[in-house]
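Below: one structure, written as structure tokens.
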Amino acid sequence: MKEFILSKFPVGHRIAVLKLSGVIVNPYPLVNKIERLKDSKNVVALVLRVDSPGGSVGASQEIYRAIERFKSAGKPVVISMGNVAASGGYYVSAAGNYIFANEGTITGSIGVIIQHVAYKKLVEKLGIEATAIKTGKFKDTLSPFRELTQEEKEYLQNLVNEALEQFIQAILKYRSNKISEEKLREIADGRIFTGRQALELGLVDELGSLYDAIEKAKELSGYRDAKPVFIQEEKSLLKRLVGADLEEIKIINAYTPLFYLMDY
């Protein structure tokens, strides 16, 4: 009962516990919560529980920046990895002051992917003809109604290479004392790791649970008396059933081809 009262009436020093779950496509609900917590006088630290295979590049970068802004207020951020914190899930985590993973957490998958599905042969069999009126040769790149040209493949490869470089630099910004650039580039080929392997590589700082992360947040904040307050994740019925809102499904299918996402 005491913990329930404390969580409902956040007086005194508080460790805010937020959850990032599912595919990262709409960052704003989480970003807005982080921003409000940054400005709260009661909140002295944030624990972000990450359980995500990643998502769109821009959305992952928005959350990364929100974590940086929270830290700029002099409040530490501790990451607690759940089942999966891969690709964009790891990108977000790299901004934290300290990262916990479970031994069996799946993480890593440092890389970028653009996928293209061509229906050209199928529509030809059905007697369907698709025509694009465009202003430039790359305007309909990734159209499902035709194959990619060699020039387009090279153009897209340059795009994913640039996004990968952004990923690498985002990790090195806060973890260059844990993993060398040479080693990071060697493993940034999309492979996944267990939490124990990630610890050996320097991708995470310690093996431990959510409550270990909360204790670390107390230590880093300097407020040993701080109590955790769990910020509820707002889920629609659709998100509870399939793991994503309708708007998120629309975004991931229509608005971006570029992902920090573990392919599964």
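Quick check for you: with a 1.4 Å probe and neighbouring chains kept, what is the accessible area per residue of segment 93-244, in Å²? Show your work: numbers first, answer last.
Working: 9250 Å² over 152 residues.
For segment 93-244, the per-residue accessible area is 61 Å².
If ligands, DNA and RNA are left out, what is the accessible area of THR149 with a 1.4 Å probe, given in Å² to the nearest 10?
About 60 Å², ignoring ligands and nucleic acids.
Heavy atoms only, probe 1.4 Å: what % of the accessible area of segment 56-149 goes to carbon and sulfur, would you let me know?
Exposed carbon and sulfur together represent 52 percent of the surface.
Tell me, what is the 1.4 Å probe accessible area of HIS13, in Å² to the nearest 10?
60
Loop only per DSSP, at most 10 neighbouring Cβ atoms within 10 Å: give me the trypsin sites (Lys or Arg not before Pro) in segment 172-234, ordered by residue number. Before the final figure, lay out the partial values.
Working: sites: LYS173, ARG175, LYS178, LYS183, ARG185, ARG191, ARG196, LYS216, LYS218, ARG224; in loops: LYS178, ARG191, ARG224.
Here the trypsin sites (Lys or Arg not before Pro) that fit, given the DSSP loop and packing criteria, are ARG224.
For segment 171-231, what Kirkwood radius comes out of the mean inverse Cα-Cα distance, in Å?
Numbers: mean 1/r = 0.0734 Å⁻¹.
The Cα-based Kirkwood calculation yields 13.6 Å.
Output the relative contact order of segment 85-187, whole-number percent, from Cα pairs under 8 angstrom with separation of 6+ residues. Show your work: numbers first, answer last.
Working: 75 pairs, mean separation 34.3, N = 103.
Relative contact order of segment 85-187: 33 percent.
Pop the C-beta distance of ASN83 and SER209 into the FRET formula with R0 = 22 Å and round what comes out to the nearest 0.05.
On the way: r = 13 Å, r/R0 = 0.58.
Calculated transfer efficiency: 0.95.
Sorted by packing (mean other beta-carbon atoms within 10 Å per residue), highest first, where do 127-137, 72-82, 34-44 land? Don't jump to the answer; show the numbers that get you there.
Numbers: 127-137: 8.5, 72-82: 21.0, 34-44: 16.0.
Going by the mean number of other Cβ atoms within 10 Å, highest first, we get 72-82, 34-44, 127-137.
How big is the Cα convex hull of segment 67-173 in projection, averaged over all directions, in nm²?
Working: hull surface 42.0 nm².
So the mean shadow area of the Cα hull is 10.5 nm².
Quick check: residue separation of SER40 and GLN166 times 0.36 nm, minus the Cα distance between them. What number comes out in nm? Let's see the in-between values first.
Working: separation 126, 0.36 × 126 = 45.36 nm, distance 3.11 nm.
Between SER40 and GLN166, full extension yields an extra 42.3 nm.
Are there chymotrypsin sites (Phe, Trp or Tyr not before Pro) in segment 100-181 that DSSP puts in a loop and that have at most 10 other Cβ atoms within 10 Å, and which ones? Don't skip to the end; give the middle numbers.
Details: sites: PHE100, TYR119, PHE138, PHE145, TYR155, PHE167, TYR174; in loops: TYR119, PHE138, PHE145.
Taking segment 100-181 and a limit of 10 other Cβ atoms within 10 Å, no loop chymotrypsin sites (Phe, Trp or Tyr not before Pro) are found.
Test of understanding: extend the Cα→C-beta vector of GLU103 to 7 Å, then name every residue of segment 66-87 with backbone N under 20 Å from that spot.
Under cut-off, by backbone N: 80-85.
Suppose R0 equals 30 Å. What FRET efficiency, 1/(1 + (r/R0)^6) with r the Cβ-Cβ distance, do LEU126 and GLN150 give to the nearest 0.05?
Values: r = 27 Å, r/R0 = 0.90.
Computed FRET efficiency for LEU126 and GLN150: 0.65.
Which whole-number percent of Cα pairs in segment 123-196 have a distance greater than 16 Å? Each step should come with its number before you reach the end.
Working: 1800 of 2701 pairs.
That tail contains 67 percent of the Cα-Cα pairs.
Distance in nm between label sites at ASN32 and VAL117, each 7 Å beyond Cα in the beta-carbon direction?
With each label placed 7 Å out from Cα toward Cβ, I get 3.2 nm.
For the pair GLN232 and GLN157, how long in nm is the line joining their label points, each one 7 Å along Cα→Cβ?
My value for the distance between the label points is 5.1 nm.
What is the diffusion coefficient of segment 9-83 in µm²/s, taking the Kirkwood radius over Cα pairs and the Stokes-Einstein relation at 20 °C with a viscosity of 1.002 mPa s?
Numbers: Rh = 12.6 Å.
This corresponds to a translational diffusion coefficient of 170 µm²/s.
Once you've got the Cα coordinates, tell me which of LYS178/LYS227; LYS71/LYS218; LYS38/LYS218 are over 18 Å apart.
Flagged as over cut-off: LYS178/LYS227.
The values are calculated or read from the model by the stated rules, or taken from the named source; none is laboratory data. Remember, predicted model here, so these are calculated numbers, not experimental data. All Cβ positions, glycine included, derive from the backbone under ideal geometry; neighbour counts span all protein chains shown. Surface accessibility is based on the protein's heavy atoms, side chains included, excluding ligands, DNA and RNA. Shrake-Rupley method; radii C 1.70, N 1.55, O 1.52, S 1.80 Å.
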